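Visitor: I have a structure I would like to understand better, so I am pasting it below and will then ask my questions one at a time.
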Amino acid sequence: MGEVYKARDTKLDREVAIKALPSALAGDPERLARFEREAKVLAQLNHPNIATIYAIEESPEGKAIAMELVSGSTLKGPIPVETALKYARQIAEALEAAHEKGITHRDLKPANIMVTPTGTIKVLDFGLAAVSQSSSAREGNPSNSPTLTISPTRAGMILGTAAYMSPEQASGQPVDKRADIWSFGVVLWEMLTGEQLFKGATVSHILASVLKDEPDFTKVPGRVRRLLRRCLEKDPAKRWRDIGDAMELVEDEAAPVAVVDSRSRLGLVGGVAIAVLSLAAIALGIIAYRATRPPELKPLVRLNVDLGADVRLDDRAGTSVIISPDGHRLAFISKGRLFTQTLDEPVAKDLAAGERVTSPFFSPDSQWVGFFSAGQLKKVSVAGGAVIPLATVTGGFTGAAWSPDGNIIAPGGFQNPLRQVPDSGGTFVSLLKLDAEKKEVTQRWPQILPGGKAVLFVSHTSSGEFENSNVDVASLPDGRRKILQRSATFGRYLPTFGSTGHLLFVSRGTLFAVLFDPAKLETTGAPIAIIEDLAYASDTGYAEFSAAANGAVVFRRASNRANVFPQWLDSSGKTEKLLSIAGYYNELTLSSDGKRLAVALSPDNAPRSIWTYDWARGTTTRITFDAINPSSIVWTPDGSFIVNAGDGVYANRSDGAGSPSKLLPKGAPGSFTPEGKYLAYSLTSSDESREDLWILPIENSGATLKAGKPELYLQTPASEIQPRFSPDGKWIAYVSDESGRYEVYVRAFPDSGAKWQISSTTGVFPTWSRAGRELLYRTLEGQVVAVNYSIQGNSFVAEKPRMWTVSRLAGIGAQRNFDLTPDGKRLVALMSTAESAVSAGTQSHVIYLENFFDELKRKVPLK
C-alpha cells in the first residue's frame with residue numbers, strides 16, 4: 001500500500017525512511033484512511049523494538065510518514081534455539097507495549113519483523129491489519145498474502161495474513177490480543193524449524209489448515225514445546241491471556257538446560273512405557289467413539305476476495321461471477337468480457353477476447369464455459385482456444401443449465417417456456433409448456449437436479465418485479481410440475497446430505513434455505529435466512545450466488561450499491577452530495593433547464609419508483625406508484641412530462657398529478673427532439689435477436705401526450721440502443737454492438753446513411769452538452785469521456801476522446817447514472833460517499849466461502 005524511500009533529514013542530519021502512498025492510490029479514501037491510521041497508531045508507541053515515527057508530512061503531492069530507517073533483514077529461520085528465544089523475547093516486549101496501549105497488531109509475521117546487524121528486533125507495520133488483498137496476492141505466494149479484508153473488529157470478516165492468522169481470525173470471529181499471541185507462536189515455530197507451520201496451495205487451503213491441523217511438536221526442541229503449546233491453542237480461552245505470561249516462559253526456556261543422568265533416564269523408561277500403554281487404551285476408546293458419532297461439522301471459512309485492480313464486475317450480466325462444479329475455478333465477467341481463473345492461479349485468463357458476454361455457466365465436468373453473446377449461445381474451453389457457436393438465441397438469455405446428458409437448457413424469453421439444445425450445437429426445441437391458466441409469461445434461471453430427471457426454474461406471471469415469481473420444479477419425462485416456493489426467485493439445490501439436501505432461493509435480497517428431497521421433489525420445514533443483503537435484480541430475478549459440489553461458494557453483497565447517492569461532480573473530481581434519500585438508485589436524468597432531477601429509486605427495499613427533486617426548493621415528489629420497475633427515464637423538453645419504460649412506454653406528469661398514459665406497448669425511450677415533436681426509442685426486433693431504433697411522433701397538449709405512428713429509423717444485424725438527439729435536433733448519438741462491444745456512434749437525423757464512431761474503447765449513454773460542441777459518454781469501467789466535435793458540411797468530425805474526469809462513477813450497470821448540467825461545467829452522478837468507501841466494497845470484490853454445506857447443516861439440520 002506504500003512506497004518507501006531512504007532519505008536524509010536535513011534539519012537533524014539523520015537518515016530516515018519516507019513512506020508515501022503511490023500516486024495511483026493517493027485519491028483512494030480507503031487507502032488514505034489506512035495510511036493515516038498507521039501514523040496515529042505508531043505515534044502512540046515508543047519502544048526500542050518498534051519502528052519509531054518522526055512526523056507525518058503533507059504537501060500538494062499527498063501525505064507521507066517520516067519514520068525510523070531500520071537497517072538489516074527480515075526475520076528468517078532456522079536459527080539456533082538460543083538466538084530464536086532472544087529474538088522472541090524482544091518481539092514479545094514489542095507486543096506487550098502495544099497491548100498496553102490497547103493496540104493489537106493483527107498481522108504479525110516474519111515479513112513484518114526486522115533484525116538489525118546488532119541483533120535488535122524491530123516490529124513493523126502496526127495499523128496495517130486492514131490492508132486488503134492487492135496485486136501482490138496474485139503473484140503466486142498465498143502463504144505471504146496481504147491482509148484479506150478491511151475490517152479489524154467486525155464479526156464475520158477475515159483479517160490477517162493467511163499462514164499466521166489465529167483460528168478465530170480464520171473463521172471470521174472478533175479478535176483481541178490473543179490473536180497476536182497465536183501469531184507470535186507461529187513466528188517462533190518458523191524461527192526454530194525454518195518451515196511454515198500452516199501450508200497450502202492457495203489461501204483457502206492455508207486457512208483450512210489453520211482451522212483443522214494440529215502442529216507436530218516433535219519438530220521443535222523439547223524445551224520450547226510448553227511455550228508453543230500454550231501459544232498455539234486453537235481455543236483462545238486456553239491460550240496465554242497476556243504476552244507477558246509467554247515472556248516469563250521465554251526467559252525460563254532461555255535458562256541453561258538441566259542434564260539428566262543415566263540412572264534418571266532408566267527410571268523414566270518404565271514410566272514412559274506405562275504411559276504409552278495407557279494412552280493406547282484411551283486412543284482406542286476415542287476411535288470407537290468417533291466411529292459411532294456424526295462427523296464433526298467444519299467451521300465456515302469466509303474470505304473477501306479482490307479479483308484485481310483492473311476488474312470491474314458487471315452489475316447486470318446475469319450472474320457476473322460463478323464457481324465451477326468441482327470448486328477449483330472461477331469464471332467472471334469484467335467490462336463485458338469473460339475471464340476464468342483457478343483458485344491457485346496468479347492472474348485471470350480472457351477466454352473470449354472481443355466478445356461481449358452475459359450469463360456464463362459451467363459444463364458438469366468444469367471443462368467448458370457456456371455464455372450468451374451477440375444473439376448466440378456459445379461455449380469455450382477453460383483452457384482457452386476458439387469460441388464455438390452453438391445456437392441462435394431469441395428472446396433474451398437469463399441463465400442456462402448444462403445437463404450431464406449433453407443438453408443445454410435455457411429460457412425461451414418472454415411468452416416462451418424453457419427449451420434445450422445439444423451441447424454440440426443445433427436448434428432449440430421447447431422443453432416445457434407455459435401455464436396458460438396462471439398466465440405464466442416466462443421461465444428462467446434453470447438448474448438440472450441430480451440424475452437429470454427434473455429441473456428447477458423460476459416461473460413468472462407478469463413482466464414487472466420478480467418478487468411475485470415462484471420457484472418451480474418440473475419432471476422432465478412427463479412435464480409434471482409443482483411450486484416449491486412462492487414469492488421467490490433463483491432457486492438452487494445443494495446436495496448437502498448426499499442423496500438429499502437443501503433448496504436455496506432468494507426473496508427481497510435475502511438467501512433462504514429449506515430441506516429438500518430431490519427424489520420426492522418435496523421440501524420439509526420452514527425456510528431459514530442464510531445470507532442477507534445478497535446482490536440480486538428484482539427486474540430479472542437473478543442473484544449473485546454460485547455454489548460448487550464440494551461446498552465452496554462465491555457471492556456478492558448488494559452493499560456495493562449501498563451508500564450511493566446522486567452527487568454533483570466537476571471535472572477536477574470534487575463532489576457535493578445532492579440528494580440523501582436512503583435506498584438504491586438505479587438511474588437519473590436532468591430536466592432540460594437543469595433545475596430538477598428525476599431518479600429511479602428503491603427506498604428501503606420498496607419497489608422502484610420515479611422521484612423528482614427540485615434542489616432550489618428542496619422538495620421531492622414521487623411520480624410513479626405501480627409495482628412495475630421504471631427505467632429509461634426521459635423528460636419532455638418543456639419539463640411537463642416524464643416518459644419511462646415499464647411493461648410498456650408511459651408518460652407521467654412531472655408534478656405527480658393525474659394518471660400515467662401508455663404511449664407504446666413496449667420499448668426503451670431515449671430522448672426528445674428540442675421542440676418535443678419526436679421521441680427516439682429502441683425496440684426489440686420481432687425475432688428478439690436485436691434492438692432497432694424507432695422514431696415516435698408526439699403531440700403535447702400540455703395536459704396529455706399523444707403518440708402518433710412509429711417510424712423505423714435504423715435497423716442493422718446489430719443491436720442499437722440509447723438514442724440521444726443533439727441540441728439542434730440534427731444528429732442522433734446512439735450505442736451499437738456491431739463491433740462485438742458497445743461503442744458510441746453518430747448519424748444525421750433524418751438518416752443520410754453515413755455514420756461516425758465516437759468512442760474508442762467502449763462507450764454507453766451518449767450525452768450532448770448544451771453549452772458547446774462536446775459529446776460525453778461513459779466507459780464500461782465507469783469513467784466519463786468527452787469528445788469535441790465540429791460540423792463540416794454534411795459530415796460530423798469528432799476529435800480524440802479525452803477523460804472528462806478521472807473519478808469513477810458508481811452503479812455502472814445498464815442504467816444511466818450521470819447527466820450533464822446545461823452550462824456543461826459539472827455532472828450529477830451516482831457516486832459512493834467518501835465515508836462509505838471502505839464498507840461499500842468495490843466492483844472487484846466477491847465473498848468466498850468454504851465449508852458452506854456444513855454451515856447449512858448447522859442452521860437447517862435434518863429433522
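The values are calculated or read from the model by the stated rules, or taken from the named source; none is laboratory data. Everything numeric in this text was worked out from a predicted model, so none of it was measured. Neighbour counts are summed over all protein chains in view; Cβ atoms, including those assigned to glycine, are modelled from backbone coordinates with ideal geometry. Side chains included, ligands, DNA and RNA excluded: accessible areas come from the protein's heavy atoms. Shrake-Rupley method; radii C 1.70, N 1.55, O 1.52, S 1.80 Å.
Visitor: Give 389, 417 a once-over and let me know the one that is in contact with a strand residue (DSSP E or B) (Cβ under 8 Å, 6 or more places away or on another chain) and more than 22 Å from residue 543 (Cα to Cα). I'd like the intermediate steps shown before the answer.
Guide: Values: 417 fails: more than 22 Å from residue 543 (Cα to Cα).
Criteria check complete, one pass: 389.
Visitor: Just the residues that are open to solvent by 30 Å² or more (accessible area, probe 1.4 Å), modelled with pLDDT of 80 or more and of a type outside the set (Val, Ile, Thr), please, taken from segment 558-592.
Guide: If the condition is that a residue be open to solvent by 30 Å² or more (accessible area, probe 1.4 Å), modelled with pLDDT of 80 or more and of a type outside the set (Val, Ile, Thr), then 570, 571, 572, 574, 576, 577, 592 are the ones that fit.
Visitor: If you take just the helices (runs of 4 or more DSSP H) that sit entirely in segment 136-242, which of them hold at least 1 residues that are modelled with pLDDT under 85 and on the phi < 0 side of the Ramachandran plot? Break it down stepwise before answering.
Guide: Working: elements: 167-170, 177-193, 203-212, 225-231.
Of the helices (runs of 4 or more DSSP H) lying wholly inside segment 136-242, those with at least 1 residues that are modelled with pLDDT under 85 and on the phi < 0 side of the Ramachandran plot span 167-170, 203-212.
Visitor: Please verify whether residue 680 is open to solvent by less than 10 Å² (accessible area, probe 1.4 Å), among the hydrophobic types (A, V, I, L, M, F, W, C), farther than 23 Å from residue 714 by Cα and part of a strand (DSSP E or B), treating the condition exactly as stated. Lay out the reasoning, then the answer.
Guide: Values: open to solvent by less than 10 Å² (accessible area, probe 1.4 Å): yes; among the hydrophobic types (A, V, I, L, M, F, W, C): yes; farther than 23 Å from residue 714 by Cα: no; part of a strand (DSSP E or B): yes.
For residue 680, the condition - open to solvent by less than 10 Å² (accessible area, probe 1.4 Å), among the hydrophobic types (A, V, I, L, M, F, W, C), farther than 23 Å from residue 714 by Cα and part of a strand (DSSP E or B) - is not met.
Visitor: Also, quick follow-up: Quick one: what pairs do we get from segment 50-77, first residue touching a residue at least 40 places away in the same chain (Cβ under 8 Å), second assigned to a loop (DSSP other than H, G, I, E, B) and of a type in the set (Phe, Trp, Tyr), C-beta under 8 Å, 6+ apart or different chains?
Guide: 50/126
Visitor: Same structure, new question: Among the residues of segment 390-401, is there at least one that is part of a loop (DSSP other than H, G, I, E, B), open to solvent by 60 Å² or more (accessible area, probe 1.4 Å) and at negative phi?
Guide: As a first pass, look at segment 390-401 and keep what is part of a loop (DSSP other than H, G, I, E, B): 393-400.
Narrowing the set further to residues that are open to solvent by 60 Å² or more (accessible area, probe 1.4 Å) leaves none.
No, there is no match, as no residue in segment 390-401 is part of a loop (DSSP other than H, G, I, E, B), open to solvent by 60 Å² or more (accessible area, probe 1.4 Å) and at negative phi.
Visitor: Another question about this same structure. Quick one: which of 119, 127 is open to solvent by less than 50 Å² (accessible area, probe 1.4 Å), under 22 Å from residue 53 (Cβ atoms) and modelled with pLDDT under 90?
Guide: One residue alone meets the criteria, 127.
Visitor: Name the residue that is surrounded by the fewest Cβ atoms within 10 Å (Cβ to Cβ), counting only residues in segment 49-100 that are of a type in the set (Asp, Glu) and in a helix (DSSP H, G or I). Steps first, please.
Guide: Of the residues in segment 49-100, the ones of a type in the set (Asp, Glu) are 57-58, 61, 68, 82, 93, 96, 100.
Okay, now just the ones that are also in a helix (DSSP H, G or I), so 82, 93, 96, 100.
Numbers: 82: 10, 93: 20, 96: 19, 100: 14.
The qualifying residue surrounded by the fewest Cβ atoms within 10 Å (Cβ to Cβ) is 82.
Visitor: Out of all the residues in segment 310-334, which are in a loop (DSSP other than H, G, I, E, B), at pLDDT 80 or above and touching a Lys or Arg at 6+ places or on another chain (Cβ under 9 Å)?
Guide: Just the residues of segment 310-334 that are in a loop (DSSP other than H, G, I, E, B), to begin with: 310-312, 314-320, 324-328.
In the following step, the residues that additionally are at pLDDT 80 or above were identified as 311, 320, 324-328.
Selection gives 311, 320.
Visitor: Return the residue satisfying two criteria in turn: it lies in segment 840-863 and is in contact with a Leu (Cβ under 9 Å, 6 or more places away or on another chain) and basic (Lys, Arg), and of such residues it is modelled with the lowest pLDDT.
Guide: In this case the residue turns out to be 863.
Visitor: Moving on. Tell me which residues, restricted to segment 355-376, are polar (S, T, N, Q) and in a loop (DSSP other than H, G, I, E, B). Spell out how you get there, then give the answer.
Guide: Within segment 355-376, the subset polar (S, T, N, Q) is 358-359, 363, 366-367, 373, 376.
Answer for segment 355-376, where residues must be polar (S, T, N, Q) and in a loop (DSSP other than H, G, I, E, B): 363, 366, 367.
Visitor: Condition first: part of a strand (DSSP E or B) and either over 12 Å from residue 362 (Cα atoms) or of a type in the set (Asp, Glu) (or both). Now tell me which residues in segment 402-412 satisfy that. Outline the logic, then answer.
Guide: From segment 402-412, those part of a strand (DSSP E or B) are 402, 407-410; that's our starting set.
407, 409, 410, listed by residue number.
Visitor: Within segment 427-446, which residues are within 27 Å of residue 387 (Cα to Cα) and open to solvent by 40 Å² or more (accessible area, probe 1.4 Å)?
Guide: Selection gives 427, 429, 430, 431.
Visitor: Restricting to segment 349-367, and then to whatever is hydrophobic (A, V, I, L, M, F, W, C), out of contact with any Gly (no Cβ under 6 Å at 6 or more places or on another chain) and under 20 Å from residue 446 (Cα atoms), can you tell me which residue is least open to solvent (accessible area, probe 1.4 Å)? Show your work before the answer.
Guide: Just the residues of segment 349-367 that are hydrophobic (A, V, I, L, M, F, W, C), to begin with: 351-353, 357, 361-362.
So of that shortlist, the ones also out of contact with any Gly (no Cβ under 6 Å at 6 or more places or on another chain) come out as 351-353, 357, 362.
The next check asks that each one be under 20 Å from residue 446 (Cα atoms); those that pass are 357, 362.
Details: 357: 1, 362: 22 Å².
Step by step, filter segment 349-367, then rank; the result is 357.
Visitor: Just checking: which of the strands (runs of 3 or more DSSP E) contained wholly in segment 739-812 hold 2 or more residues that are more than 32 Å from the chain's Cα centre (by Cα)? It would help to see each step written out before you state the result.
Guide: Details: elements: 743-748, 755-757, 764-768, 774-778, 783-792, 795-798, 802-808.
Per the criteria, 743-748, 755-757, 783-792, 795-798.
Visitor: Also, quick follow-up: List the pairs whose first member sits in segment 419-436 and is farther than 27 Å from residue 482 by Cα, whose second member is in a loop (DSSP other than H, G, I, E, B) and at pLDDT 90 or above, and whose Cβ atoms are under 9 Å apart, counting only residues at least 6 apart or on separate chains?
Guide: Sorted first by the residue in segment 419-436, then by its partner, the pairs are 423/363; 423/403; 423/406; 424/406.
Visitor: Limited to segment 688-717, what total is found for residues that are surrounded by fewer than 16 Cβ atoms within 10 Å (Cβ to Cβ) and under 23 Å from residue 743 (Cα atoms)? Talk me through it step by step, then tell me what you get.
Guide: The first filter runs over segment 688-717 and keeps only residues surrounded by fewer than 16 Cβ atoms within 10 Å (Cβ to Cβ), leaving 697, 699, 701-704, 706, 708-709, 711-712, 715-717.
Remaining after also requiring under 23 Å from residue 743 (Cα atoms): 712, 715-717.
Residues meeting the conditions: 4.
Visitor: Within segment 377-389, work out how many residues are part of a strand (DSSP E or B) and either β-branched (Val, Ile, Thr) or open to solvent by 40 Å² or more (accessible area, probe 1.4 Å) (or both). Quick ask: steps written out before the conclusion?
Guide: Going residue by residue through segment 377-389, those that are part of a strand (DSSP E or B) are 377-381, 388-389.
Then keep just the ones that are either β-branched (Val, Ile, Thr) or open to solvent by 40 Å² or more (accessible area, probe 1.4 Å) (or both); that gives 380, 388-389.
Selection size over segment 377-389: 3.
Visitor: Does residue 769 satisfy being surrounded by fewer than 19 Cβ atoms within 10 Å (Cβ to Cβ) and among the hydroxyl-bearing types (Ser, Thr, Tyr)? Talk me through it step by step, then tell me what you get.
Guide: Working: surrounded by fewer than 19 Cβ atoms within 10 Å (Cβ to Cβ): no; among the hydroxyl-bearing types (Ser, Thr, Tyr): yes.
It is false that residue 769 is surrounded by fewer than 19 Cβ atoms within 10 Å (Cβ to Cβ) and among the hydroxyl-bearing types (Ser, Thr, Tyr).
Visitor: Can you find a residue that is at pLDDT below 95 and β-branched (Val, Ile, Thr) anywhere in segment 674-684?
Guide: yes
Visitor: Restricting to segment 452-474, what's the tally of residues that are at pLDDT 90 or above and open to solvent by 30 Å² or more (accessible area, probe 1.4 Å)?
Guide: Residues that pass the stated criteria total 1.
Visitor: To continue, here is another question. Select from segment 725-741 the residues that are open to solvent by 40 Å² or more (accessible area, probe 1.4 Å) and under 18 Å from residue 798 (Cα atoms) and list them in ascending order.
Guide: 727, 728, 730
Visitor: Could you tell me which numbered condition residue 597 fails, if it satisfies all but one of (1) surrounded by 22 or more Cβ atoms within 10 Å (Cβ to Cβ); (2) modelled with pLDDT of 90 or more; (3) of a type in the set (A, V, I, L, M, F, W, C)?
Guide: All conditions are met except number (1).
Visitor: Also, quick follow-up: Which of the residues spanning segment 475-499 are part of a loop (DSSP other than H, G, I, E, B), open to solvent by less than 30 Å² (accessible area, probe 1.4 Å) and either touching a Ser or Thr at 6+ places or on another chain (Cβ under 8 Å) or aliphatic (A, V, I, L, M) (or both)?
Guide: 488
Visitor: Next question, about the same structure. Those residues that are hydrophobic (A, V, I, L, M, F, W, C), within 18 Å of residue 486 (Cα to Cα) and either touching a Phe, Trp or Tyr at 6+ places or on another chain (Cβ under 8 Å) or open to solvent by 20 Å² or more (accessible area, probe 1.4 Å) (or both), I need them from segment 515-536; list them, please. Break it down stepwise before answering.
Guide: Going through segment 515-536, the residues hydrophobic (A, V, I, L, M, F, W, C) turn out to be 515-516, 519, 521, 526, 528-531, 534-535.
From what's left, within 18 Å of residue 486 (Cα to Cα): 515-516, 521, 526, 528-530.
Within segment 515-536, 516, 521, 526, 528, 529, 530 meet the criteria.
Visitor: Please identify the pairs in which a residue from segment 663-682 that is at negative phi has its Cβ atom under 7 Å from the Cβ atom of a residue that is open to solvent by 60 Å² or more (accessible area, probe 1.4 Å) and of a type in the set (Phe, Trp, Tyr), counting only partners at least 6 apart or on another chain.
Guide: What qualifies is 672/678; 681/694.
Visitor: Here's a follow-up. Could you please let me know if residue 357 is touching a strand residue (DSSP E or B) at 6+ places or on another chain (Cβ under 6 Å), modelled with pLDDT under 90 and of a type in the set (A, V, I, L, M)?
Guide: Values: touching a strand residue (DSSP E or B) at 6+ places or on another chain (Cβ under 6 Å): yes; modelled with pLDDT under 90: yes; of a type in the set (A, V, I, L, M): yes.
Judged against the criteria, residue 357 is a match.
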